[in-house]
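Working notes for the structure below.
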Amino acid sequence: RKASSSPHASQPHFNKYPFLGKGQGTLLNKALMFHMDGALLKSSSVFPYFLLVAFEAGGPLRAFTLLLLYPIVCLVGKERGLKIMVFVCFVGLKEASFSVGRTVLPKFLLEDVGNEGFDMVMKCGGTKIAVTDMPRVMVDCFLKDYLRIEYVIGRELKVVCGHFIGLMEDKKTSSGSMELEKVPREGKMDSPVIGISCFNNSLHHQLFSSCEVVYMVSEADKKNWQTLPREKYPRPLIFHDGRLALRPTPIATLFIFMWIPFGIFLLLVRATVFFLLPYKLSILFLYFTGLRGTLIVPDDCRVSNELKQLSKEGGLLYICNHRTLLDPVYLSMGLVQVRPPSLSLAAVTYSLSRVTELFAPIRTVRLIRNREKDSKMIEKQLQQGDLVICPEGTTCREPYLLRFSPLFAEKTDHIVPVAIDFHVSMFYGTTAGGYKSLDPVFLLMNPTSHCSLTILEKLPRSYTCKGGKSKFEVANHVQALIGKALNFECTSLTRKDKYMILAGNEGIV
């Protein structure tokens, strides 16, 4: 239908979603401007993203303050509510160290992208311009790096002496036209601009008035959208940081803060029981407190007999993928069911906090990243008993396997791959840019968690270095076996890649 009278010389046509159909061929080569918050994301509320900024960048107290102000944010209107959230979340934060928009928010934003909205945006083949109500620093990385959007239009935050002061740049009446003029009009931008917006988008009315046609998305349309499948991500999400594992809606955030005192008490109970009771009793108790697990073994009887025979020759080398710092602990608990209890098990660690090592229920051996010394240390430990190594060198939360270091391959031909998957309900027990000493605290504070442990077949001698394979072939083969067991994708990314992306360093501790 036609737009109402406007002071602009050329008025856009406003059409209702969906528009992909008879006329989609005419849109493939035209430039596209779309409202990210209203026409791409399924959720209509931006509160969870500001809560993530408050919690991950400012701490729990700042997040709790934002939660208390949520009723006021809802009552004062969209523009004033946005200003309140921006002030609470950003005031006092250092601009140089702000990384939540790059390390935390992309995961939650990708999980909120509607499949239908994504198709609308991606089927237009011209230059794509994203418009957002949120400060640009929050969504710039998500839109440019993960969705391959060329230009992002959003308000900047004011900075004084390197710190955010919690205020956005003023939104002038003509700012829409002025911001659009900053986009280089070259190539496909010479053609008319097509717009995709939502019915309640009043903050960027002037900006979308410059479009030839604007297609409108309603809340009823968005309720029927499906979540964007992972395989359609323009760039795969492999690394992300932050402590919160669930989307912090107002209700979920309230539950988090109500749970924290109980979580601390549960943490102390779980740790005490695990240290004081025998393995088999502690496993039963921890199961009833929410720490669940599944053990899958190819052939219990054969594995047990083989372990007894190998204990006379030397230790077994268990090779695991790395999901949490408790991976070796869960493996040791699982092995109680399939091997003689007299056998010892040690875990090779690196960059584990001293606090975690001090309270570890199994023996730990710290590597120093010196290949020759680490190699001798591994050989020595294998002579004393079984050893577990996570050759990825760091944890990965998503269904991907990082490149396996080949250091383990030449040490023994008694190699047993172990596939581990771990799911938490509230908090992640790993971090790249935070305090590693708090990893076990957050992990054990979860209301529930589940560890799936699959002990695979021992490698045949022909697939080991003593059977003629190179150490790189052995490492890649073990990675492929674990990846197949978990249905994870194998990558060539390393520990260094993860820390450079998430923390801007090489992860040296």
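Which loop GluC sites (Glu not before Pro) in segment 434-509, with loop taken from DSSP, have no more than 16 other Cβ atoms within 10 angstrom of their Cβ?
Taking segment 434-509 and a limit of 16 other Cβ atoms within 10 Å, the loop GluC sites (Glu not before Pro) found are 457, 506.
Pull out a ≥ b ≥ c, the square roots of the eigenvalues of the alpha-carbon gyration tensor of segment 250-503, then state rounded if a/c is under 1.5, prolate if not and a/b is larger than b/c, and oblate in the remaining case.
prolate
Which percent of the accessible heavy-atom area of segment 77-151 goes to carbon and sulfur, probe 1.4 angstrom?
50
In segment 250-503, carbon and sulfur make up what percent of the accessible area (probe 1.4 Å)?
So the carbon and sulfur contribution to the accessible surface is 60 percent.
For segment 66-121 and segment 464-495, write down the distance between their C-alpha centroids in whole Å.
40
Largest first, how would 258, 377, 445 line up by accessible area (1.4 Å probe)?
258, 377, 445
The values are calculated or read from the model by the stated rules, or taken from the named source; none is laboratory data. Here the structure is a predicted model, which means the values were calculated and not measured. Cβ coordinates were reconstructed from backbone atoms using ideal geometry, including for glycine residues, and neighbour counts include every protein chain displayed. Note: areas computed on protein heavy atoms with side chains; ligands, DNA, RNA excluded. Shrake-Rupley method; radii C 1.70, N 1.55, O 1.52, S 1.80 Å.
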